[in-house]
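This report concerns only the one structure given below.
The values are calculated or read from the model by the stated rules, or taken from the named source; none is laboratory data. Quantities reported herein were computed from a predicted structural model and do not represent experimental measurements. Positions of Cβ are backbone-derived with ideal geometry, glycine not excepted, and every protein chain shown enters the neighbour counts. When the accessible area is computed, the model is the full protein with side chains, heavy atoms only, and any ligands, DNA or RNA have been set aside. Shrake-Rupley method; radii C 1.70, N 1.55, O 1.52, S 1.80 Å.
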Amino acid sequence: IIAINIASVLYLGYSIFILLKKTTIRFHWLWHWPAMRQLLLIAAPFALADVFFKLNGSVDTVMLEYLAGDRYVAWYNIALKLTITLTVIPGAFATAFFPAMSQALTKSREALRDIFEQSTIALLFISVPIAIGTAILAPTIIHQVFPGFPAAIPSLQWFMVSVVFLFVNYPIGNALNAANRQLLNTVNMGIALVVNVILNVMLMPLYTYLGATIAAVASIIILVGLGL
């Protein structure tokens with residue numbers, strides 16, 4: 001926890017340094033309630049979406065511990081953390097193409113479509129080889145990085161099915177947000193969360209951590225389908 005907090009403070013400090021160096025923006029106290037109210041209304045769906053995202057990544061772990069036991073949580077979390085780490089790649093892309101999408105929308109729907117198509121194709125070209133390669137090399141990866149936890153191998157291979165959908169969901173979600181449809185995007189995430197919980201209740205008693213993995217994969221596929 002301390003390491004996470006230190007990294008967050010350094011990231012914030014560096015961002016402020018770049019902001020002051022590269023722009024004419026300067027900080028001072030200003031309280032204008034109408035502007036604050038408007039900003040809060042705009043930000044609320046994004047905040048709720050982040051809550052749904054965090055819950056989607058943790059509710060299965062909590063349910064798995066309750067319904068199956070600690071050792072299944074360990075096997076599941078090893079595969080989950082390795083998969084979540086890969087989302088740094090589409091996240092970096094999203095940071096770049098979201099402003100472009102917002103700007104393109106002010107010009108024409110065709111301009112937004114072109115950026116959406118190009119970003120989706122680029123992420124497909126990246127994610128498909130990663131998913132296939134990791135699925136094939138899963139035994140080697142687990143034995144090298146987490147020796148003694150071979151049960152995590154099938155879970156990691158299942159999670160690789162979701163990697164392509166995880167990557168593609170970034171341009172879909174960003175396109176909706178750029179088009180001022182962030183509330184719709186948040187509703188989709190809420191539906192995916194509910195589906196994840198229901199599938200966990202159904203599958204965990206039968207398949208333990210593999211049931212949780214299947215539920216997580218199914219929920220991201222549903223999220224992409226709703227977004228499309």
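Looking only at the range 84-108, residues that are open to solvent by less than 90 Å² (accessible area, probe 1.4 Å) and either more than 16 Å from Leu156 (Cβ to Cβ) or over 20 Å from the mean Cα position of the chain (by Cα) (or both) come to 16 in all.
Might you let me know whether the range 186-198 holds any residue that is over 19 Å from the mean Cα position of the chain (by Cα), assigned to a helix (DSSP H, G or I) and in contact (Cβ under 8 Å) with a residue 40 or more places away in the chain? Break it down stepwise before answering.
The first filter runs over the range 186-198 and keeps only residues over 19 Å from the mean Cα position of the chain (by Cα), leaving 198.
Now restrict to residues that are assigned to a helix (DSSP H, G or I): 198.
Narrowing further to those that are in contact (Cβ under 8 Å) with a residue 40 or more places away in the chain: none.
Among the residues of the range 186-198, not one is over 19 Å from the mean Cα position of the chain (by Cα), assigned to a helix (DSSP H, G or I) and in contact (Cβ under 8 Å) with a residue 40 or more places away in the chain, which makes the answer no.
Based on what the data block shows, is Gly148 surrounded by fewer than 19 Cβ atoms within 10 Å (Cβ to Cβ), modelled with pLDDT of 95 or more and among the small types (Gly, Ala, Ser)?
no
Residues of the range 67-90 being without any contact (Cβ under 8 Å) to a residue 24 or more places away in the chain and more than 12 Å from Thr208 (Cβ to Cβ), which ones? Within the range 67-90, Asn77, Lys81, Thr85, Val88 meet the criteria.
Consider the range 199-228 and keep the residues that are more than 25 Å from Ala151 (Cβ to Cβ) and in contact (Cβ under 8 Å) with a residue 40 or more places away in the chain. The one that is surrounded by the most Cβ atoms within 10 Å (Cβ to Cβ) is Leu223.
Only one residue in Ala111, Ala179, Ala135 is open to solvent by less than 40 Å² (accessible area, probe 1.4 Å) and closer than 30 Å to Tyr66 by Cβ, so which one is that?
Ala135
Under the condition of being hydrophobic (A, V, I, L, M, F, W, C) and either more than 26 Å from Trp75 (Cα to Cα) or surrounded by fewer than 21 Cβ atoms within 10 Å (Cβ to Cβ) (or both), the residues counted in the range 153-164 number 4.
Do we have any residue at all in the range 46-58 that's touching a residue at least 60 places away in the same chain (Cβ under 8 Å), out of contact with any Gly (no Cβ under 9 Å at 6 or more places or on another chain), open to solvent by less than 80 Å² (accessible area, probe 1.4 Å) and β-branched (Val, Ile, Thr)?
Step one: list which residues in the range 46-58 are touching a residue at least 60 places away in the same chain (Cβ under 8 Å), which gives 46, 48-49, 52-53, 55-56.
From what is left, the residues that are out of contact with any Gly (no Cβ under 9 Å at 6 or more places or on another chain) are 46, 53, 55-56.
In the following step, the residues that additionally are open to solvent by less than 80 Å² (accessible area, probe 1.4 Å) were identified as 55-56.
Within this subset, residues satisfying the condition of being β-branched (Val, Ile, Thr) are none.
Looking for residues that are touching a residue at least 60 places away in the same chain (Cβ under 8 Å), out of contact with any Gly (no Cβ under 9 Å at 6 or more places or on another chain), open to solvent by less than 80 Å² (accessible area, probe 1.4 Å) and β-branched (Val, Ile, Thr), one finds none in the range 46-58, hence no.
Right, Ala138: more than 27 Å from Ala215 (Cα to Cα) and in a helix (DSSP H, G or I) or not? Answer is no for this residue. Look at (1) at pLDDT 90 or above; (2) more than 20 Å from the chain's Cα centre (by Cα); (3) surrounded by fewer than 16 Cβ atoms within 10 Å (Cβ to Cβ) and you find that Trp75 fails only one, number (3). So for the range 121-132 (the condition being under 20 Å from the mean Cα position of the chain (by Cα), of a type in the set (Ser, Thr, Tyr) and open to solvent by 50 Å² or more (accessible area, probe 1.4 Å)), does at least one residue qualify? The answer is no; no qualifying residue exists. Can you tell me which residues in the range 157-188 are closer than 11 Å to Thr120 by Cα and either β-branched (Val, Ile, Thr) or in contact with a His (Cβ under 9 Å, 6 or more places away or on another chain) (or both)? Across the range 157-188, the qualifying residues are Val164, Val168, Ile172.
Looking only at residues in the range 23-45 that are aliphatic (A, V, I, L, M) and over 30 Å from Leu184 (Cβ atoms), which one is least open to solvent (accessible area, probe 1.4 Å)?
Our first condition is that a residue be aliphatic (A, V, I, L, M); within the range 23-45, this holds for 25, 30, 35-36, 39-44.
Checking the rest, the ones that are also over 30 Å from Leu184 (Cβ atoms) come to 25, 30.
Details: Ile25: 86, Leu30: 126 Å².
Out of the qualifying residues, it is Ile25.
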